[in-house]
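Engineer: Got a structure for you, questions after.
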Amino acid sequence: MEQLSKDLVIPVELLGLSDVEITSSKLSRNDEIILCVKSTKSEIACHRCGKPTRPHGKGQPLRLRHLPILGKRTIIVFTPPRGRCEHCDKNPTTTQTLSWHDRNAHHTHAYEEHLLFSLVHSTLADVEMKEGIHAGVIQHLVDKRINNQVDWKSIQSIGLLGIDEISLKKGYQDYLTIVTSKVNNKLSILSVLRGREKSMIKGFFSSIPKKKQKTITAVCCDLYVGYMNAAKEVFSYEVPIVTDRFHVAKLYSGCLVELRKRELKRLRSELSTEDYQSLKPAIRILVKCQELYNEKEKKQLQPLFKLSSSLKAAYRLARQLTGIFNRKHRKPKAVKEITQWIDGVSQSEVTAFDGFINTLSTHLDTITNYFISRHSSGFVEGFNNKLKVIKRRCYGIYNIKHFFQRIFLDLEGYRLFYKNQSITNFS
Ligand SMILES: [Zn+2]
């Protein structure tokens, strides 16, 4: 133990802290590196008038946690000098604050950034464990450094405005509306709103500065009329509203699932156990994916499709519809093809898509707006998967401001708080 507390020699350049020199450095008994530093900066500007002050004793000693050195917890011990103003009434004193820390802070700026960087794609509890800092202190730091709503000055252009909802708890009608912006594949979070009422969404849309509203190229959302109408009413009809292609796909694949369940139930009651068991490989394929089969899988599907012509027909129709979306049609051609598809379904024996066809016909315009510039809302979907991860990770974040901060941190944190310039692509 004794040898551990011998003086260490640590060059001041290593610290990355300006205006200080190291007066002593030790390794403490509990394996912390303790660096005592003193200010080399003589000026202290008066906190009231900003004029230089005369030296006047010292302020309270500070212990600031800094970046670890070789994995060891590192503490900067520092007693800032104080100055007294000769110009101001009652000669107030000012304690010097150097550029690398805030007044009364317990961490250096560099360490604060290290904490925020650690929090990207992580949890307060996790960072608490790794750094030995209470979660509440970390949240306090997040509040200090990360806005809890969008700073419009940082958004040059909105581009594709995505709007979608997530439920906070499984099975609860407790929705959050997430509004995002996408320009050249860069995603930004614009807002997290509680609920999904049209009036509230309209309120947010109206709060977007007029100049920025003009930069919206399209609004992309699901088939929820509240979102669509809010966008129509605020942005008038100049901005096309695009129905998220993947929401449409979810609807018709939902029809397939329902049909499959019905048909399998029927077959289970009609077939012998052995015969039904022999269909298992085919069932597995249909559960796994609805559209892309290789030759072997096609063969395995035959026995099932032979027993259920409606299943066979429905899967074929679903494939056809996806095919239309996958082709690079212009909008009029897409409208024509989808209309033909609807006719085809109506003439077939398949009734599983009846409800879906109603929706498709009602919203054909916004659904086929997809073909104008193929705004694949896959980004909304991909982003939603990200959100699901945040939600799972941050189980218990019911404060929407905190939610906004954490989404922002996940999207921007690497860029903002990672200093290694050799890595430039984080996506
Ligand atoms: Zn003064």
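None of the figures in this text is laboratory data; all of them are computed from the coordinates on show. All values reported here derive from a predicted model rather than from experimental measurement. Heads up, the Cβs are rebuilt from the backbone with ideal geometry, glycines too, and the neighbour counts pull from every protein chain shown.
Engineer: Checking GLU238 against (1) in contact with an Asp or Glu (Cβ under 7 Å, 6 or more places away or on another chain); (2) part of a loop (DSSP other than H, G, I, E, B), which test does it fail?
Structural biologist: Here GLU238 meets the rest and fails (1).
Engineer: Can you tell me which residue within region 137-155, out of those that are more than 16 Å from the chain's Cα centre (by Cα) and under 13 Å from ASN399 (Cβ atoms), is surrounded by the most Cβ atoms within 10 Å (Cβ to Cβ)?
Structural biologist: Among those that are more than 16 Å from the chain's Cα centre (by Cα) and under 13 Å from ASN399 (Cβ atoms), it is GLN139.
Engineer: Further, regarding this structure: What number goes with the only condition from (1) touching a residue at least 40 places away in the same chain (Cβ under 8 Å); (2) hydrophobic (A, V, I, L, M, F, W, C); (3) closer than 19 Å to GLU412 by Cα that ILE138 does not pass?
Structural biologist: (1)
Engineer: So which helices (runs of 4 or more DSSP H) stay within region 61-164 end to end and still have 3 or more residues that are touching a strand residue (DSSP E or B) at 6+ places or on another chain (Cβ under 8 Å) and more than 16 Å from the ligand (Cβ to nearest atom)? Spell out the reasoning first.
Structural biologist: Numbers: elements: 109-119, 124-131, 135-145.
By residue number, 109-119.
Engineer: Same structure, new question: If you take the residues in region 28-44 that are touching an Asp or Glu at 6+ places or on another chain (Cβ under 9 Å) and touching a residue at least 40 places away in the same chain (Cβ under 8 Å), which one is surrounded by the fewest Cβ atoms within 10 Å (Cβ to Cβ)?
Structural biologist: LYS41
Engineer: Let me ask something else. For region 232-267, which residues satisfy the criterion of being of a type in the set (Lys, Arg) and either exposed (fewer than 12 other Cβ atoms within 10 Å of the Cβ) or under 43 Å from the mean Cα position of the chain (by Cα) (or both)?
Structural biologist: Of the residues in region 232-267, the ones of a type in the set (Lys, Arg) are 232, 245, 250, 260-262, 265-266.
Within region 232-267, LYS232, ARG245, LYS250, ARG260, LYS261, ARG262, LYS265 qualify.
Engineer: Quick test of your reading of the structure: PHE117 fulfils all but one of (1) surrounded by fewer than 17 Cβ atoms within 10 Å (Cβ to Cβ); (2) closer than 30 Å to SER18 by Cα; (3) aromatic (Phe, Trp, Tyr). Name the failing condition by number.
Structural biologist: (1)
Engineer: Here's a follow-up. Is it true that GLY50 is part of a loop (DSSP other than H, G, I, E, B), within 16 Å of the ligand (Cβ to nearest atom) and of a type in the set (Gly, Ala, Ser)? Reasoning before the result, please.
Structural biologist: Values: part of a loop (DSSP other than H, G, I, E, B): yes; within 16 Å of the ligand (Cβ to nearest atom): yes; of a type in the set (Gly, Ala, Ser): yes.
Here the answer is yes, as GLY50 does meet what is asked.
Engineer: Can you tell me how many residues within region 12-45 are outside any strand (DSSP E or B), farther than 16 Å from ASP102 by Cα and among the hydrophobic types (A, V, I, L, M, F, W, C)?
Structural biologist: 3
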